[in-house]
Amino acid sequence: MDDLEKIRGDITSVDERILKALAERRKLAGKIIEAKDQLGSPIRDSGREEQLLANLIAKGRGQGLDAHLVTRVFHEIIDDSIRSQQLHLLDYDKSELKRIAFQGIEGAYSELAGKKYFAPYLDKTVFVGVDTLEQVVNAVEDGDVEYGLVPVENTAAGSINEVYDLLSIAQLSIVGEEVLRVEHCLLGLEEVPLASIRQIYSHPQALAECMKFVAKLPNCQAMPYTDSAMAVLKVKDAKDRSVAAIASEEAAKLYGLKVLRRNIEDQQNNFTRFLILAKKPAVVDVRIPCRTSLIMATSHEEGSLLQALTLLHEYKINLSKLESRPIPGMPFQYMFYLDFEGNTAEERISRAVAQLRSVTTSLKVLGSYPTEHRAKTAPRIEVLASRLAEPEEAPAQAPAKKESGSYKLASRAHKADDTIITVGGVRIGGAGFVVIAGPCAVESREQIHKCARYVKECGGQLLRGGCFKPRTSPYSFQGMGFEGLELLAEAGKEYDLPIVTEVLSPADVEPVARYADVLQIGARNMQNFSLLSEVGRSNRPVLLKRGMMSTMEEFLSAAEYILDRGNHQVILCERGIRTFETATRNTLDLGSIPILKSLTHLPIFVDPSHAAGKRDLVIPLALAAHAVGPHGLVVEIHPEPEKALSDGPQALRFGQFAELMRKIYQC
Ligand code: PEP
Ligand code: MN
């Protein structure tokens, strides 16, 4: 017992040291900004951040800490430092008390977003809850508060139209933004089975984000309410165990409700973007990456919107949002909301805006404000390795000019530049080399979590795992289906790895795409044209494996089906073909890589595991594949290959995977 108390005491003193160190680090970040100010250096130096993280990972490893933990902890720390440096440049007066209006009561998501945004100055910040979004705007306009905070869009439920309409008439400027990951919880008075819940209260937006979850509960009614934290109070007052609310975990703690279920949002990556409004526009230092928002209306003439957008293109302005809203009192006439990268304090942007005025009927700049950096600092694999990757050589052969024939959109003649596909921040295609790894099939929570952790630890960038397995025999393990998919998604989320999984039937495409970041079409389905058409209608990138007996032409024609249906994100994967040779499972056709690179702009991967069929051949084949210039590898690994339910003989042991990664990246 004494021992336990002593250990607890020691832990507390370690925690206190951590807090002290954090406070000290924040102070130093404050000094850095002063030094940067004098030198005129940029606030964000991604190269330095990556290097810093890579060094910390290396040091952490030396002390038995895994890369994932170090990355997670330091993401937060670096993020905090950048945040306070940006607020410093915003001329934020730290000494004066600031009032921030938001819609709702304490514990509402808006308040959480505000606390995140103003984190470095919370001791000088007071949050004022009001009933409606309009009151938030009025409170700032009337000078009752210095700032207002409004949600503007959600990744699942879309834009909040009321806010756009308010912005069009308000005399306010956008001075900042905050992106909050919204993890909805179902909260009740007591732990009760979910099937006994009859009413769920929350803000309509939150209900919309959890629509599928609510629809699955029998005889349960969604009850729109003013805001999520108020819904929590409503449940408290109702004193009825069959009444629940959807709100944050923080609200549950604040008001003493029980969390009945976490993460009930329909979409895994549920983010809400909030805007910070003030009376005066922010003057943002041009060294801070900014976004500018404006509202404009174009004349009711043919091509007028196109003219405005072309102008932005001419000024190389990257548009991140274009939204249209009806103009009040003018049926079927619209105004457009635009967000783009840049700061009106920059010469290029101010000139573009000035010209835009001349081709629009009205234009109102809502503000230029620092962008919320969701692109987290992650040490690129090249940085993790001690040596930088070789720059990619130009294709050995001149691009073939194939215009007509069985494929067009996939050809270099149609598009000369390499297609780059971005999946959860990972760039696939072009220069760089991406490793996708994981088990053949998801078998259990423990197995997929172990794999995910190891993939991350070794620098792999995507996690694979089959849930619907195309097996030669109907008596073999067919995969865990949607239950496995949930486990795969959970592991991917935990280790921040986008996930790749195979889809077998057209009917499964939509439900699988809800979880999977990349849809895989297996070799056996390469010419399943109804399946190709269906993934062609999806928004998810597709990893298309070469059929066992397919020519290059057939392979590219299969890709063409997907491209032709509108999905331009196809990754090709060579995984070995059938030949007379039986010493290997398949024959890895490495010649196909330079040929495909000359014929198509699509990214090309190699899967040495299914080609070899034997684990000891996987590393040599992977290294040989790396030498012929694909954009990445797909490799099967397993914590205990002898116990694997499918493809055990070809699964790399964890140690072998680490060896492969070291050899590829020359660590
Ligand atoms: C797989 O990747 O798990 C798979 C079944 O591969 P293939 O379709 O290449 O056989
Ligand atoms: Mn397999």
Any chance GLU443 is within 15 Å of ligand 1 (Cβ to nearest atom), modelled with pLDDT of 95 or more, more than 19 Å from LYS545 (Cα to Cα) and open to solvent by 20 Å² or more (accessible area, probe 1.4 Å) = yes
Could you grab me the full set of residues in the range 431-481 that are touching a strand residue (DSSP E or B) at 6+ places or on another chain (Cβ under 9 Å) and among the β-branched types (Val, Ile, Thr)?
-> VAL434, VAL435, ILE436, VAL442, ILE448, VAL455
Could you tell me whether any residue of the range 462-475 is assigned to a helix (DSSP H, G or I), away from ligand 1 (no atom under 15 Å from the Cβ) and open to solvent by 10 Å² or more (accessible area, probe 1.4 Å)?
-> no
Can you name the number of the only condition in (1) closer than 20 Å to HIS68 by Cα; (2) open to solvent by 60 Å² or more (accessible area, probe 1.4 Å) that VAL434 fails?
-> (2)
Of all residues in the range 579-590, how many are under 14 Å from MET552 (Cα atoms) and open to solvent by 50 Å² or more (accessible area, probe 1.4 Å)?
-> 0
For ILE604, state whether it is under 29 Å from SER476 (Cα atoms) and either among the basic types (Lys, Arg) or within 15 Å of ligand 1 (Cβ to nearest atom) (or both).
-> no
Which residue out of LEU217, LEU233, LEU172, LEU180 is open to solvent by 50 Å² or more (accessible area, probe 1.4 Å) and touching a residue at least 12 places away in the same chain (Cβ under 8 Å)?
-> LEU233
Pairs returned, first residue in the range 608-624 that is under 11 Å from PHE657 (Cα atoms) and open to solvent by 20 Å² or more (accessible area, probe 1.4 Å), second residue that is more than 15 Å from ligand 1 (Cβ to nearest atom) and modelled with pLDDT of 95 or more, beta-carbon separation under 8 angstrom, 6 or more apart or interchain, are ARG615/ARG653; ARG615/GLN656
Selection from the range 611-660 of residues in a loop (DSSP other than H, G, I, E, B), more than 14 Å from ligand 1 (Cβ to nearest atom) and closer than 21 Å to LEU543 by Cα yields VAL628, GLY629, PRO630, HIS631
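Could you tell me whether THR584 is within 16 Å of ligand 1 (Cβ to nearest atom) and free of Cβ contacts under 8 Å to residues at least 12 places away in the same chain?
When the stated conditions are applied, THR584 does not pass them.
Quickly run through the range 587-610 and pick out the residues that are β-branched (Val, Ile, Thr) and in a helix (DSSP H, G or I).
Within the range 587-610, ILE593, ILE595 qualify.
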Within the range 419-444, restricting attention to residues that are among the polar types (S, T, N, Q) and touching a residue at least 40 places away in the same chain (Cβ under 8 Å), which residue is farthest from ligand 2 (Cβ to nearest atom)?
-> THR419
Of all residues in the range 632-667, which are within 17 Å of LYS456 (Cβ to Cβ) and of a type in the set (A, V, I, L, M, F, W, C)?
-> LEU633, VAL634, VAL635, ILE637, LEU652, PHE654, PHE657, ALA658, LEU660, MET661, ILE664, CYS667
If the Cβ limit is 6 Å and pairs must be 6+ apart or interchain, which residue in the range 455-478 that is within 11 Å of ligand 2 (Cβ to nearest atom) pairs with which residue that is hydrophobic (A, V, I, L, M, F, W, C) and not in a loop (DSSP other than H, G, I, E, B)?
-> ARG464/ILE436; ARG464/VAL500; GLY465/ILE448; GLY465/LEU488; GLY466/ALA441; LYS469/ALA441
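Condition check ((1) among the charged types (D, E, K, R); (2) surrounded by 22 or more Cβ atoms within 10 Å (Cβ to Cβ); (3) modelled with pLDDT of 90 or more) across all residues:
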{"site": "THR125", "(1), (2), (3)": "no, no, yes"}
{"site": "ASP131", "(1), (2), (3)": "yes, no, yes"}
{"site": "ASN138", "(1), (2), (3)": "no, no, yes"}
{"site": "SER159", "(1), (2), (3)": "no, no, no"}
{"site": "CYS185", "(1), (2), (3)": "no, yes, yes"}
Answer yes or no: is there a residue in the range 591-598 that is open to solvent by less than 40 Å² (accessible area, probe 1.4 Å), closer than 21 Å to MET548 by Cα and within 16 Å of ligand 2 (Cβ to nearest atom).
-> no
Matching option when the condition is among the small types (Gly, Ala, Ser) and closer than 25 Å to THR125 by Cα, among ALA170, ALA157 | ALA170
Pick from the range 564-573 the residues that are in contact with a strand residue (DSSP E or B) (Cβ under 6 Å, 6 or more places away or on another chain) and open to solvent by less than 10 Å² (accessible area, probe 1.4 Å): which of them is nearest to ALA611 (Cα to Cα)?
-> CYS573
Test: THR579 is at pLDDT 95 or above, closer than 30 Å to GLY648 by Cβ and more than 15 Å from ligand 1 (Cβ to nearest atom) | yes
Filtered residue count, the range 566-585, keeping only those that are closer than 17 Å to GLN520 by Cβ and over 23 Å from the mean Cα position of the chain (by Cα) = 4
Which condition number in (1) open to solvent by 10 Å² or more (accessible area, probe 1.4 Å); (2) over 20 Å from ASP266 (Cβ atoms) is the one that GLU483 fails?
-> (2)
Taking the range 590-631 on its own, how many of its residues are more than 23 Å from ILE421 (Cβ to Cβ) and of a type outside the set (A, V, I, L, M, F, W, C)?
-> 6
Residue by residue through the range 505-544, note down the ones that are under 25 Å from the mean Cα position of the chain (by Cα), farther than 22 Å from ALA410 by Cα and open to solvent by 50 Å² or more (accessible area, probe 1.4 Å).
-> GLU510, ARG514, TYR515
Filtering the range 644-665 for residues that are within 17 Å of LEU621 (Cβ to Cβ), within 16 Å of ligand 2 (Cβ to nearest atom) and open to solvent by less than 10 Å² (accessible area, probe 1.4 Å) leaves a count of 4
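The values are calculated or read from the model by the stated rules, or taken from the named source; none is laboratory data. Quick caveat: nothing in here was measured; it's all calculated off a predicted structure. So basically every Cβ, Gly included, is an ideal-geometry build from the backbone, and we count neighbours across all protein chains shown. Heads up: the accessible areas ignore ligands, DNA and RNA and are worked out on the full protein's heavy atoms, side chains in. Shrake-Rupley method; radii C 1.70, N 1.55, O 1.52, S 1.80 Å.
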